[in-house]
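Have a look at the structure below before the remarks.
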Amino acid sequence: MAATSETITGQGAVAASDGNAYGRPPQHSNDLLTKVGPGTPCGELLRRYWQPIAASSEVRDLPRKIRVLGEDLVLFRDRAGRAGLLYPRCMHRGTSLHYGRIEAEGIRCCYHGWLFDVQGRCLEQPCEPDGGRHRDAARQPWYPVEERYGLVFAYLGPPDRKPVLPRYDNLESLTSDEELWVAVGGFGSTGDASLSLVPYSWIHMNDNVMDPFHVLVLHTTFSGVQFHQQFAVMPKVDFFYADHGVCYSAVRKVEGGQEVDRISTWLMPNVMSVPDIQFKSGQSAMISWVVPVDDSHYVQAMVMKIPRGAPRGGIRLNGKTWGEMTEEEHQRFPGDFEAQMGQGPISLHSEEHLVTSDRGIMMQRRLLEKQIEVVARGGNPLGVTFDAAEALVKVRSGNFTRAA
C-alpha cells in the first residue's frame, strides 16, 4: 500500500507541474480589504471619510432604506428641508422608521408616535403624560449628514474624528451654461441606469480605476470600440503616488505629431476621477465614489459637470444600452460589469498573478493597507482634514495634449 501511495503522490506532483486543476488547495479573498462592516479594519478606515449615500433629489416626502458599510439605516428629509440618517428600529418598541411619517421637525414612528429630529432627539411621546416627561433622555442612534454636489453624504465614524466634507476643484464654479449630472447606483459599471445595486465587492471597481490596460483590451480590441478608437493605441504608462492617492499617466501618440497624456486619479479610500472617455481635452469634469453597501455589493455615486440641457442617455454598444442587451450579447461584447462580475461576488485574491501592468493596483492596495494600520494605531488616515481652509482637493485628472 505504501508503494501505491508513493506512486499516486508522484503522479499528482507531475500533474500539478503541468497545471492540472486536480488537488488545488482552497483559495481565499483578501478579507482585510473586502470586509467593510462595523469593527472590521477596512470598515473602520472607510468610516473615517464622508461617504455619499443618495442623490439629494431622491430624498423627498418618504423615508428611504439605506444600507452602507454593512449597516441598515433610514434616510429622510423633514419638512424644513433638513436631511437625517437614523438607525431604523425605533428605540421604543423596535418597529421600523421606514414606515414613519415626515413632519416639520422630524420623523414620527407609526406605532406609538414617538417623534425624532434629524439628530435623533426625541421631541414627543404622545402616549405618555405631558408628551413624555423623560423624552429629553431618549436619543435614537443617528449619523451626521451633509449635502454637496447634489449628493447626501454621511459620516459613520467616531464623532471626535469627523473631518470637513471635501470640495473638488473640478466641480466648483459652475458657469451659467453648466450643470451637475448626478447618478447613484450601477451606472459606472454598466454605462446606463439599469442597476441600482452592483452585486459584487467594491474592490473590483476600486481596482479598475488604476488599470489603464483593460481599456485597450476590454473596451476596444475585444468587444469593439465602446468609448473611443484612440484607446486601441498602446500607451506608455507611469504610475505614481500623488497627494493622498495614486495616479497614472498614459501617453499616446495621435495624429498631427502630438501626444495625449491621459492622467487618471484614485484618492483615498474610494474616490476616483476619470478623464473624458471621448478624449475631450482638459481637466476631468467627473468625481465618483465606490461606496460599499456590504462585503459583496456596492453603489457608485457619480457627479459630472456637463453642458446645461445635455442628453443624459447611457453608453450604447451596437445601438443598445447595457440593459437592452441579451445575455448572448453580454457574452459576445462584455464590458466592465461582465469582467468584474466574472470575478465573483468577492474575488479569490490568492489566485491572482499580478504582473507589471498591475502596478497601479498594487500601489492602491498597499496604500489602503498602510492607512488601515494608521487607523488601528489611533491615527488619522491620509486625505482627511479638520480645517475648512484645506478642504479643497485639486484634481490632476484629464486629457492633456502636447507636442510629441
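The values are calculated or read from the model by the stated rules, or taken from the named source; none is laboratory data. Everything numeric here is computed off the predicted structure, so don't read it as measured data. For neighbour counting, all protein chains shown are included, and Cβ atoms are generated from backbone atoms with ideal geometry for every residue, glycine included.
Summary table
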read-out	value
Unmet criterion (only one of (1) in contact (Cβ under 8 Å) with a residue 60 or more places away in the chain; (2) buried (at least 20 other Cβ atoms within 10 Å of the Cβ)) for Arg167	(2)
Answer from Leu156, Leu151, Leu123 - the residue that is within 21 Å of Arg60 (Cα to Cα) and not basic (Lys, Arg)	Leu151
Residue in the range 202-220 that is over 21 Å from Ser264 (Cβ atoms) and either in a helix (DSSP H, G or I) or not hydroxyl-bearing (Ser, Thr, Tyr) (or both) present	no
Residue count for the range 221-236, restricted to those that are outside any loop (DSSP other than H, G, I, E, B) and without any contact (Cβ under 8 Å) to a residue 60 or more places away in the chain	6
Qualifying positions in the range 290-341 - more than 28 Å from Leu73 (Cβ to Cβ), in a strand (DSSP E or B) and charged (D, E, K, R)	Lys305, Lys320
Hey, Glu146 within 21 Å of Gly70 (Cα to Cα) and not in a loop (DSSP other than H, G, I, E, B) or not	yes
Qualifying position, being surrounded by fewer than 17 Cβ atoms within 10 Å (Cβ to Cβ), within 35 Å of the chain's Cα centre (by Cα) and hydrophobic (A, V, I, L, M, F, W, C), among Ala83, Ala138	Ala138
Subset of the range 138-168 (residues that are in contact with a strand residue (DSSP E or B) (Cβ under 8 Å, 6 or more places away or on another chain), farther than 17 Å from Ala388 by Cβ and not basic (Lys, Arg))	Ala138, Gln140, Pro141, Trp142, Tyr143, Val145, Gly150, Leu151, Val152, Ala154, Leu156
Near pairs, Cβ below 8 angstrom, 6+ apart or cross-chain, from the range 389-401 (in the same structural domain as Tyr241 (by TED's automatic domain parsing) and under 17 Å from Phe279 (Cα atoms)) to any residue that is basic (Lys, Arg) and assigned to a loop (DSSP other than H, G, I, E, B)	Asn399/Lys280
Selected residue (criterion: farthest from Trp289 (Cα to Cα)) from residues of the range 62-100 that are touching a strand residue (DSSP E or B) at 6+ places or on another chain (Cβ under 8 Å) and of a type in the set (Asp, Glu)	Asp78
Subset of the range 104-118 (residues that are crowded, with 16+ Cβ neighbours inside 10 Å, assigned to a loop (DSSP other than H, G, I, E, B) and under 33 Å from the mean Cα position of the chain (by Cα))	Glu105, Gly106, Cys109, Asp117, Val118
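For every residue, the table says whether it meets (1) over 21 Å from the mean Cα position of the chain (by Cα); (2) surrounded by fewer than 21 Cβ atoms within 10 Å (Cβ to Cβ); (3) part of a loop (DSSP other than H, G, I, E, B).
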| position | (1), (2), (3) |
| --- | --- |
| Val182 | no, yes, no |
| Asp238 | yes, yes, no |
| Tyr241 | no, yes, no |
| Tyr248 | no, no, no |
